[in-house]
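The block underneath contains the structure these notes are about, expressed in structure tokens.
Derivation of every value follows stated rules applied to the coordinates shown; laboratory data play no part. Treat the numbers as computed from the prediction; the structure is a model and nothing was measured. Note that each Cβ is placed from the backbone with ideal geometry, even for glycine, and that neighbours are counted across all protein chains shown.
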Amino acid sequence: MQQIVLAQYCEGAPKPSDFRLETLPLPEPKDGQFRVAHAWCSVDPGTRSRLSGGDSYAAALPLGKPIDGFSAGIVDASNHPDWPVGTKVFCAGGWKTHSLQSGKGFIGKVADAPGVPLSAWIGVLGVPGLTAWFGVKDVARFKEGDAVLVTSAAGPVGATAGQLAKSWGASKVVGVAGSDEKCRWLTEVAGFDAAINYKSAEDLTAAIAAEFPKGVDILFDNVGNAMVNRVLPLMALNGRICISGQVADYNLTPEETPGIVNTKPFITHRVNMQGLVVFDFARGFPEALGSMAKMIAGGSLKLQEERFEGIAAMPEAFCGLFRGENTGRRVVKVGAE
């Protein structure tokens, strides 16, 4: 088997040289275990928080350890009666071609959903989609008629969040993204009402304000403190902010990270701001996954993937996330389906 490990701690934006490809003997499952041959692995921006040697909401990853990630594949050896050979699964397998599993933790069997690719089970039907589902529904306490702003909206979390809000009855959904191409996809394919290119907008704050004359009911933010600070004065009465990710802040030291100073709306507009770790909602995963699988199969939930070939491509696929290169979910083909 092959795996990607942390070769040196990341300073600033991650580089491919921060990682190392290793080849190891194929692991054999013990009693109560089974082996998954990964077909697809994901690269996730949230992984960055563990790669500088300091703890965040998860412990820092030690040097020489495999990088965290999610995988979809097929059981190819088993000593577990509930997980026979041939079972298609999604799991927290890491940046590896194979992993040993026990059936505990983040793992599930892939449901038979015509028209849904296996790779979707580590994208819209994985942590990104689940983050969008519970972030909008539970953390932001979505209600029909809400006006919703989504940042980093062309990524898998943001795109799913906006589409779910629209399907649940939002009065307006606006996305912020980093290119005209991404903005077109959001409006022409994903069904957003409008999209703003933050790189070309002359005045981003004014552009957002123009789209929300009555204020923003929900800000679903994947970017970081500077964006939250910008939008806070534009929030509607009883507005809610869901902190889903901080892709602009992950590479910064605490001293470099922007502060949030526009705090008056927390009082004047009774704004509520809350973050989430999606695993807090694990009991609701089956219902959410089943609903989103049906939406994908029926064409009402669009997904966009960038596919890379070979496990050696994983470091560069990951690093590109922080250069804003990705359009949709980045997945890497590491084995046969």
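Summary table below
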quantity: Segments 150-156, 75-81, 287-293 sorted - mean Cβ within 10 Å per residue, highest first; calculated: 150-156, 287-293, 75-81
quantity: FRET efficiency for Thr187 and Asn79, using Cβ-Cβ distance with R0 set to 45 Å, rounded to 0.05; calculated: 0.35
quantity: Relative packing of peptides 247-254, 327-334 - highest average C-beta neighbours within 10 Å first; calculated: 327-334, 247-254
quantity: Karplus (6.51, -1.76, 1.60) ³J(HN,Hα), θ = phi - 60°, over region 320-335, in Hz, Gly and Pro reported as x; calculated: x, 4, 8, 9, x, 7, 6, 10, x, 7, 8, 10, 10, 7, 10, x
quantity: Charge dipole magnitude, Cβ of K and R +1, D and E -1 - region 200-284, Cα centre, debye nearest 20; calculated: 440
quantity: Cα gyration tensor, region 270-333 - rounded (a/c under 1.5), prolate or oblate; calculated: oblate
quantity: Potential lengthening between Ala297 and Leu63 on full extension [0.36 nm per residue; Cα-Cα distance subtracted]; calculated: 80.1 nm
quantity: Other-chain or far-sequence residues with amide H under 5 Å of Val173's (modelled H); calculated: Val148, Asp193, Ala194
quantity: Per-residue HN-Hα couplings for region 310-318 [Karplus 6.51, -1.76, 1.60; θ = phi - 60°; Hz; x = Gly/Pro]; calculated: x, 4, 5, 7, 5, x, 5, 4, 5
quantity: Relative packing of 126-139, 313-326, 169-182, which averages over residues the other C-beta atoms within 10 Å, highest first; calculated: 126-139, 169-182, 313-326
quantity: Region 121-204: C-alpha gyration tensor shape, a/c 1.5 cut-off, then a/b vs b/c; calculated: oblate
quantity: Amide H partners (placed H, <5 Å) of Glu306, local residues excluded; calculated: Arg329, Arg330, Val331
quantity: Net lengthening on full extension, Arg323/Arg20 (0.36 nm per residue, minus Cα-Cα); calculated: 107.0 nm
quantity: Nearest 10 degrees, 0 to 90: helix 156-167 Cα axis against the chain principal axis; calculated: 60
quantity: Isotropic mean projected area of the C-alpha convex hull, the chain (nm²); calculated: 16.5
quantity: Cα gyration tensor, region 1-157 - rounded (a/c under 1.5), prolate or oblate; calculated: oblate
